[in-house]
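See structure below.
The values are calculated or read from the model by the stated rules, or taken from the named source; none is laboratory data. Just so it is clear, the model here is predicted, and its values are computed rather than measured. Note that each Cβ is placed from the backbone with ideal geometry, even for glycine, and that neighbours are counted across all protein chains shown. These area figures cover heavy atoms from the full protein model, side chains too; ligands, DNA and RNA do not enter into them. Shrake-Rupley method; radii C 1.70, N 1.55, O 1.52, S 1.80 Å.
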Amino acid sequence: LVDTGCGDCELREGLARHLGVLPLVSADRCYETVRGLVTQSSYEVLITIQGRTCVAAITLAPDERFQDPNDMCTDEAVIGYAALAALRMAVDCHSRCLRLL
């Protein structure tokens, strides 16, 4: 999923464990979300889409969110606008896909 209103990327915590130890970018940073302000740490990862790679900051979505029937969170990975810009990609709303710039 792409979220053009979100600067950082987000990854489900269980999936991030498969990546091993990630470099910490920021500890306990305050983020504004649909649930209000939350404090999260962010980490550095490499993201590759359609053959292009960039360094991006990610936060981790707790696995518990995916079991809560009241939480609408179903996206295991979200790409934010900063990563899209670094990858030189744009969202084509008409075709609902990413376009190389």
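Counting Lys and Arg as +1 and Asp and Glu as -1, what is the net charge of the other residues whose Cβ lies under 15 Å from the Cβ of Val21? Walk me through the numbers on the way to the answer.
On the way: positive: Arg17; negative: Glu13, Glu44.
Charge balance in the 15 Å sphere: -1.
Multiply the residue separation of Val21 and Asp92 by 0.36 nm, subtract the distance between their alpha-carbon atoms, and state the gained length in nm to one decimal.
Details: separation 71, 0.36 × 71 = 25.56 nm, distance 3.40 nm.
Extra length available between Val21 and Asp92 comes to 22.2 nm.
First obtain the Kirkwood hydrodynamic radius of the chain from its Cα pairs, then insert it into the Stokes-Einstein equation at 4 °C and 1.567 mPa s, and state the resulting D in µm² per second as a whole number.
Numbers: Rh = 14.4 Å.
So the translational diffusion coefficient is about 90 µm²/s.
Just to confirm the filter: which trypsin sites (Lys or Arg not before Pro) across the stretch 4-101 are DSSP coil and have at most 15 other Cβ within 10 angstrom of their Cβ? Kindly include the intermediate steps, with their values, before the conclusion.
Values: sites: Arg12, Arg17, Arg29, Arg35, Arg52, Arg65, Arg88, Arg96, Arg99; in loops: Arg35, Arg88, Arg96.
Listed in order of number, the matching sites are Arg35, Arg88, Arg96.
Taking +1 at the Cβ of each Lys and Arg and -1 at the Cβ of each Asp and Glu, which of Met89, Val21, Ala77 sits farthest along the dipole of the chain towards its positive end, judged by Cα position relative to the Cα centre?
Sorting the options by dipole projection puts first Met89.
Rank Ala83, Ala27, Ala16 by mean-square fluctuation in a GNM of the chain with C-alpha springs under 10 angstrom and give only the top-ranked residue.
The residue that fluctuates most here is Ala27.
Determine how large the accessible area of Tyr31 is when every protein chain is in place; take a 1.4 Å probe and give Å² rounded to the nearest 10.
Its heavy atoms expose roughly 30 Å² to the probe.
I need the calculated FRET efficiency for the pair Gln50 and Glu76, taking r as the beta carbon distance and R₀ as 22 Å, to the nearest 0.05. Working shown, then result.
Values: r = 19 Å, r/R0 = 0.87.
Once rounded, the FRET efficiency stands at 0.70.
Assuming 0.36 nm per residue, please report the length gained on full extension of the stretch Ser41 to Phe66 beyond their Cα-Cα distance.
On the way: separation 25, 0.36 × 25 = 9.00 nm, distance 1.91 nm.
Length gained between Ser41 and Phe66: 7.1 nm.
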